[in-house]
Amino acid sequence: GGVTREEVTMNHVVKAKMLRESDEPIHYNCAQSLFVALSDVLGGSDGRAFAMGANYGGGMMHGGTCGVVSAGLMILSLAGIPQEKAMARLQDCSRDHWTTACTELLMKAAQEGVTKKVNCDGLVIHMAERLDAILSA
């Protein structure tokens with residue numbers, strides 16, 4: 001038998017968690033973690049997905065839009081998800097976290113005593129779960 005959609009979905013979230021928890025000398029930023037975890041959706045290799053996300057960590061390297069949001073929107077676009085559905089996802093993210101700006105998300109986490117790594121890991125996993133829900137619908 002083939003691989004079920006549920007197994008593929010679980011693999012995306014598990015792979016994202018593994019990338020964020022990796023002790024490898026290579027660091028996967030937030031966007032890279034999502035791109036690589038969902039590289040099968042993107043139709044490319046893990047290496048290409050890693051390269052794609054290089055400049056999206058740290059809010060596009062300047063504290064702007066969270067790399068999780070940027071990567072999520074690109075993944076939805078490449079998967080052929082209509083713009084309305086992608087926009088709804090962006091609104092969900094903004095509602096859930098009150099902002100989509102990297103700097104503000106990190107300030108809020110710090111005020112709550114949450115480390116950057118724990119905060120960003122949580123955002124990556126949350127987005128991976130949401131992407132899978134949309135892609136498997």
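The values are calculated or read from the model by the stated rules, or taken from the named source; none is laboratory data. From a predicted model like this one, the values you see are computed outputs, not experimental measurements. With ideal geometry, Cβ positions are generated from the backbone for all residues, glycine too; neighbour counts draw on all protein chains shown. Just so you know, the surface numbers come from the protein's heavy atoms only, side chains and all, with ligands and any DNA or RNA stripped out. Shrake-Rupley method; radii C 1.70, N 1.55, O 1.52, S 1.80 Å.
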**Fill in**
Within the range 75-94, the residues that are in contact with a Leu (Cβ under 6 Å, 6 or more places away or on another chain) and either crowded, with 21+ Cβ neighbours inside 10 Å or without any contact (Cβ under 8 Å) to a residue 12 or more places away in the chain (or both) are 75
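Residue-wise test of (1) farther than 18 Å from residue 133 by Cβ; (2) assigned to a helix (DSSP H, G or I); (3) more than 14 Å from the chain's Cα centre (by Cα).
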residue: 27; (1), (2), (3): yes, no, yes
residue: 36; (1), (2), (3): yes, yes, no
residue: 60; (1), (2), (3): yes, yes, no
residue: 70; (1), (2), (3): yes, yes, no
residue: 85; (1), (2), (3): no, yes, yes
**Prompt:** Of the residues that make up the range 65-74, is at least one out of contact with any strand residue (DSSP E or B) (no Cβ under 8 Å at 6 or more places or on another chain), more than 14 Å from residue 124 (Cβ to Cβ) and either open to solvent by less than 10 Å² (accessible area, probe 1.4 Å) or in contact (Cβ under 8 Å) with a residue 60 or more places away in the chain (or both)?
**Reply:** no
**Message:** Looking for something farther than 17 Å from residue 12 by Cβ, over 10 Å from the mean Cα position of the chain (by Cα), assigned to a loop (DSSP other than H, G, I, E, B) and β-branched (Val, Ile, Thr) - is there at least one such residue anywhere in the range 94-109?
**Reply:** yes
**Prompt:** Taking residue 52 and the conditions (1) in contact (Cβ under 8 Å) with a residue 24 or more places away in the chain; (2) surrounded by 16 or more Cβ atoms within 10 Å (Cβ to Cβ); (3) over 14 Å from residue 135 (Cα atoms); (4) aliphatic (A, V, I, L, M), which numbered condition does it fall short on, given that it satisfies the others?
**Reply:** (1)
